[in-house]
Amino acid sequence: HAELWIVPEIQLCEICPVVLVAMSELCCPEPPREVPHYSCLDYSSGALTGDLCEDLCVAQKLVYKHCLYYDRGKKVIQADWRGQPIILKSKKEIFSSYQHLSMLEEVETQDIPETELLLMVALEVKNALGLELSNNTMGPLWTRKKGPHWKAQVASMWSLLQQEEYIYFSLLQDFSKHVLRIIGSCGHFYAVEYLTAGHAWHKTLFPLENVIGPSLTGHRSRVRAIIDIALSFLDMVQHFDNDFSHRLHLCDIKPENFAIRHDLTVVAIDVDMAFFEPKMRDILEQKCTGDEDCNFFDCFSKCNLKIRKCGAQRANNNLQVICDKIFRRWFSPNLRGPLVSLPLQLQLQKAVQECAQPGHTGATGHQRTLKSLSQLYHLLRVTQRELQGAE
């Protein structure tokens, strides 16, 4: 019989020999080891530094394994660091490709005041994220101390600050369990924890055998894990909507951009298309002749035909897109199974379908989102109890 909420697996060829990637992504060119090589040349010349450079370039405790992604200079590399898998990322493959900080050439000593450096960091954050941040919140981005390698430290920091994703991960380290943990950096490359991404072709969207173990991947264990992951997605939605100074919008929601930790926490692993509210409004508020001109990937607003301008307020939200692109796959009305009562299955399927419909702006949309969140939380927890009672 058909398994409860599990979409049948689709067979397809592998595009990369290491991982399955989206059709728009490219495999790494050969030979793929050139990025650590370039970084180590710059490290040995004193141009860059970082807390991982010694292990990468001298002690060889950070060892290249695979290239996972390459497109227009952006590289994502899997490596082993002191026996544990990590991911190395950089928006550009060569350190010299990043904008140079001209003031470093103008000073022979460490004469730049710390307050001036912090101001520059704040301006870079404002340019990247659209946020006004005070100097005392810059700790995660500026922790360098003056010393013999001070210029290399500042130059390395400046290359990292030109990568929006690094800024997001750094600023949210201490505030969110739903973003990747940064392990360290070497020049323009930064290392994050290794997690296996989801992909749209997997029958459960995420490779659960990597999370709950191959011995626990029976039908009951998979269904229980999916319910727990769905609840974590709802926690993430609430967190991104309410727990920062501005709402965080996700404009590219697909399984490939998320991963699952062993405790079944959902983690955003690619935030190139994530925007806080101020920048989201700037992106949406464009000229238009119809609503179709106001679509920005998974984020859209409405066209005001009187002034021919898109509204600055997003018309849909993170929850609606997650229900549409993730939950619909899990809670399909065409699939039935014996583990959960049929009335509860139907209620959950109906709630997901209603949640996935494009929302409304303003107070009406907000109330509708709160209602969907509350209803989904309730039904998923009831499902958890039914599954526990059946064991």
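Restricted to the range 288-340, and to residues that are small (Gly, Ala, Ser) and touching a strand residue (DSSP E or B) at 6+ places or on another chain (Cβ under 9 Å), which residue is farthest from residue 229 (Cα to Cα)? Before the answer, list the steps.
So the first thing to find is which residues in the range 288-340 are small (Gly, Ala, Ser), and the list is 290, 301, 311-312, 315, 332, 337.
Checking which are touching a strand residue (DSSP E or B) at 6+ places or on another chain (Cβ under 9 Å) leaves us with 290, 301, 311, 315.
Values: 290: 37, 301: 29, 311: 33, 315: 26 Å.
Among them, the one singled out is 290.
If you check residue 239 against the conditions, is it over 12 Å from the mean Cα position of the chain (by Cα), within 23 Å of residue 300 (Cβ to Cβ), surrounded by fewer than 22 Cβ atoms within 10 Å (Cβ to Cβ) and not β-branched (Val, Ile, Thr)? It would help to see each step written out before you state the result.
Working: over 12 Å from the mean Cα position of the chain (by Cα): yes; within 23 Å of residue 300 (Cβ to Cβ): yes; surrounded by fewer than 22 Cβ atoms within 10 Å (Cβ to Cβ): yes; not β-branched (Val, Ile, Thr): yes.
It is true that residue 239 is over 12 Å from the mean Cα position of the chain (by Cα), within 23 Å of residue 300 (Cβ to Cβ), surrounded by fewer than 22 Cβ atoms within 10 Å (Cβ to Cβ) and not β-branched (Val, Ile, Thr).
Does any residue of the range 150-165 turn out to be under 30 Å from residue 326 (Cβ atoms) and not in a loop (DSSP other than H, G, I, E, B)?
If we filter the range 150-165 for residues that are under 30 Å from residue 326 (Cβ atoms), which is where we start, we get 163-165.
Among the residues that remain, those that are also not in a loop (DSSP other than H, G, I, E, B) are: 164-165.
For the range 150-165, residues under 30 Å from residue 326 (Cβ atoms) and not in a loop (DSSP other than H, G, I, E, B): present.
Within the range 191-202, identify whether any single residue is touching a strand residue (DSSP E or B) at 6+ places or on another chain (Cβ under 7 Å) and polar (S, T, N, Q), and answer yes or no.
Let us first name the residues in the range 191-202 that are touching a strand residue (DSSP E or B) at 6+ places or on another chain (Cβ under 7 Å), namely 191-198.
Keeping just the survivors that are polar (S, T, N, Q) gives 196.
Yes, there is a match, as at least one residue in the range 191-202 is touching a strand residue (DSSP E or B) at 6+ places or on another chain (Cβ under 7 Å) and polar (S, T, N, Q).
For the range 60-81, which positions are out of contact with any helix residue (DSSP H, G or I) (no Cβ under 6 Å at 6 or more places or on another chain), in contact (Cβ under 8 Å) with a residue 24 or more places away in the chain and part of a strand (DSSP E or B)?
Quick first cut of the range 60-81, residues out of contact with any helix residue (DSSP H, G or I) (no Cβ under 6 Å at 6 or more places or on another chain) only: 60, 63, 65-74, 76-81.
Adding the requirement that they be in contact (Cβ under 8 Å) with a residue 24 or more places away in the chain leaves 66-71, 73, 77-79, 81.
If the condition is that a residue be out of contact with any helix residue (DSSP H, G or I) (no Cβ under 6 Å at 6 or more places or on another chain), in contact (Cβ under 8 Å) with a residue 24 or more places away in the chain and part of a strand (DSSP E or B), then 66, 67, 68, 69, 70, 71, 77, 78, 79, 81 are the ones that fit.
Considering 252, 235, 228, which residue is acidic (Asp, Glu) and outside any helix (DSSP H, G or I)? Walk me through how you get there before you give the answer.
On the way: 235 fails: outside any helix (DSSP H, G or I); 228 fails: outside any helix (DSSP H, G or I).
Of 252, 235, 228, the one residue that is acidic (Asp, Glu) and outside any helix (DSSP H, G or I) is 252.
None of the figures in this text is laboratory data; all of them are computed from the coordinates on show. If you're wondering where the values come from, they're calculated on a predicted model, not measured in any experiment. Cβ coordinates were reconstructed from backbone atoms using ideal geometry, including for glycine residues, and neighbour counts include every protein chain displayed.
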